[in-house]
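No lab work stands behind these numbers, since they all come straight from the coordinates. Everything numeric in this text was worked out from a predicted model, so none of it was measured. Every residue, glycine as well, gets a Cβ built from its backbone with ideal geometry; the counts of neighbours run over all protein chains shown.
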Protein chains: 2
Amino acid sequence: MVKIWNHFHMAAETTTLSRKEREFLAREELILKHARRLLIERGFQAWNMDQLAEAVEYSKGTLYQHFTSKEDLVLAVATDSLRTRAEWFEKAAKFQGSTRERCRAIGFACCEFAEKCPDFFHVEMMLKSASFWEKASEQRRQNHAFEGARCWRILNHIVVEAMALGDMPRDAFSAEEATFALVSVTMGSHVMTQEPQLCVLAGITNQMRTVRLNQDIICDGLNWKPLFSQHDYSATDRRIIKEVFPEAMNWYRA
Amino acid sequence: MVKIWNHFHMAAETTTLSRKEREFLAREELILKHARRLLIERGFQAWNMDQLAEAVEYSKGTLYQHFTSKEDLVLAVATDSLRTRAEWFEKAAKFQGSTRERCRAIGFACCEFAEKCPDFFHVEMMLKSASFWEKASEQRRQNHAFEGARCWRILNHIVVEAMALGDMPRDAFSAEEATFALVSVTMGSHVMTQEPQLCVLAGITNQMRTVRLNQDIICDGLNWKPLFSQHDYSATDRRIIKEVFPEAMNWYRA
DNA sequence: AAAATATTTTGACCAATGGTCAAAATATGG
DNA sequence: CCATATTTTGACCATTGGTCAAAATATTTT
């Protein structure tokens, strides 16, 4: 089974599949769709496999032909999200502009993603616990790692280019360190802005604005030219929204 | 029961307690000690209340006289850690030096804390899930919020002072926004450096060095004087270690 | 078309575990 | 020493992730 599924993702829809294989894949998507819904609506604990089985109108045993455990299933949902994120990163990286503007476009991709896949960060947090990770199948772990590396590479590539072009100094830290700083501040900002208590203390009302502000601060700290004070990024923002993420208009407020 | 426990933390050891109350508190500490050990050794899932009961040599029913649920117990462990962190923050904030140097001392407190309380971030991640949080008692939630706010205030106070003294510009962002950026990058860095896959991609070998580098980048981005290039912070580091966290020598490498 | 064989689906069942509570044990007071 | 109050216990319960033999369905053979 795993083989078929994997094959699907490698060769995509172009390969001819038997009716059975197509049915199997369609069902897997159905299961993932419902699992994601339950995950968003209730979180990991507050639903069980019986309820999911009822929702997809298959028995529990059938669920376990697709996934080795509840954790395995949830990891698959997370990897799906991560794949979407990587795709949006790729779209953003193609934005026409300076290296820092392209980095900004990826920042928008991040926010847009957080808006559209609200389950992602919650699940990603769960993946930090070892016991969760080890209940998932090797195949799913690899898929997740693959999509994670994809996201990393897209951003890192821009940083490398920035250094090559002289937009960012290369003496204080490596490109990888700079990329890691960006990743850290982004993840940290997303997680922290979901803490109601802290948002009250900090007077935060607009989460996405906060995430992007922190990204600006990091980029300035990395000495990534042009600095925030040297360039009108609100004009860039309008272009990013118009050309790459029209939907971002909903959460963006200048 | 809760009343007694709370009373303890309000009035501390100065109040005279009956033998029963002392025994009760001693047992609670014993439970917390063993719960923390299990949490570090195995994580949340891989131990159960029966095992804990056996370890502390009391029955399961007795455990539930102290804690309303497993989550409640684990939250208590986390709050204990958070209290320690707040105390170290306070110690660090008293460091004699510029505002940015004192911020740096708090950065050291963070790393030292991560080193000594390795369970903290794992548990803190679990607190992001709503279902966890709502299984804990109101009292414990409040205690946790209290210690969290304490940490926030210590750092925020230094940022406010930095702005007042002109060490940091006050036109680009508020003191709260600056504090939030610091908190975000720190949490994000700690979480991300615990991701083996990412560490390989980024070529990270020294986690604490990475956390502190990212803090430097954020501080520079906040334009917090003196900037990293304007001052010999390795000298500051030596002083912080000598005067505040001698143990930090173990993970610090210039 | 019917029987034989292979594959898929099912849901009763199992084991693990967080949590409860009546009964036993212990402490307190007279 | 008894009576009463308090504390501790562990058998028991309900939930739930996961299994597997049997039923249902599909495919092949005669």
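Peptide B:201-212 has a mean of 3 when you count, residue by residue, the C-beta atoms of other protein chains within 10 Å of its C-beta. Residues considered: B:Leu82, B:Leu201, B:Leu155. Largest GNM mean-square fluctuation over chain B, using C-alpha springs under 10 Å, is found at B:Leu201. Within the shell defined by Cβ-Cβ distances under 10 Å, the residues around B:Leu227 carry a net charge of 0, with Lys and Arg each +1 and Asp and Glu each -1. Across the copies of the chain, B:Arg27 has label points (7 Å from Cα along Cα→Cβ) spaced 5.3 nm apart, shortest distance listed first. Pick from A:Thr99, A:Thr68, A:Thr205: which is most flexible by mean-square fluctuation in a GNM of chain A where alpha carbon atoms under 10 Å apart are linked? Result: A:Thr205 has the largest fluctuation of those listed. Using a Cα-Cα cut-off of under 22 Å, which lysines could be cross-linked to B:Lys94, ignoring same-chain neighbours fewer than 8 residues away? Answer for B:Lys94, where 22 Å is the Cα cut-off: B:Lys116, B:Lys225, B:Lys242, listed by chain and number. For the options B:Glu195, B:Glu87, B:Glu115, a Gaussian network treatment of chain B with springs between C-alpha atoms closer than 10 Å singles out B:Glu195 as fluctuating the most. Positive end of the dipole of segment A:98-254 (Cβ unit charges, origin at the Cα centre): among A:Val160, A:Thr236, A:Leu182, the Cα lying farthest that way belongs to A:Thr236. With its label point put 7 Å out from Cα toward Cβ, A:Arg170 sits 4.2 nm from the same residue's point in the other copies, in order from shortest.
Helical content alone sets the calculated 222 nm signal of chain A at -23000 deg cm²/dmol, taking -39,500 (n - 2.57) per DSSP H segment of four or more residues and averaging over every residue. Taking a sphere under 9 Å around the Cβ of A:Asp237 and counting the other residues whose Cβ falls inside, with K and R at +1 and D and E at -1, yields a net charge of +4.
For chain A, find the longest principal axis of its Cα atoms and tell me its angle to the long axis of helix A:2-11, 0 to 90°, nearest 10. Tilt of helix A:2-11: around 40 degrees.
Under the convention that each Lys and Arg Cβ holds +1 and each Asp and Glu Cβ holds -1, the size of the dipole of segment A:70-250 around its Cα centre is about 240 debye.
Where does helix A:99-116 land angle-wise versus the long Cα axis of chain A, in degrees 0 to 90, nearest 10? Once rounded, one gets 40 degrees.
Shape class for segment B:105-200, computed from the alpha carbon gyration tensor (a ≥ b ≥ c): oblate, with a/c not under 1.5 and a/b at or below b/c.
With distances taken between every two different alpha-carbon atoms, chain A has a Kirkwood hydrodynamic radius of 19.9 Å.
Seen against the Cα atoms of chain A and their longest principal axis, helix A:175-192 is set at about 70 degrees.
Pairwise Cα separations in the protein assembly as shown fall into 20 Å bins from 0 onward with the following percentages, short to long: 21, 53, 25, 2. Note on B:Lys70: aspartates and glutamates with a C-alpha under 18 Å away, same-chain residues under 8 apart excluded, are B:Glu28, B:Glu29, B:Glu41, B:Asp50, B:Glu54, B:Glu57, B:Asp80, B:Asp119, B:Glu124, B:Glu134, B:Glu138.
Using alpha carbons only, how many angstrom separate the centre of segment B:29-49 from the centre of segment B:147-202? Here the two parts' Cα centres lie 30 Å apart.
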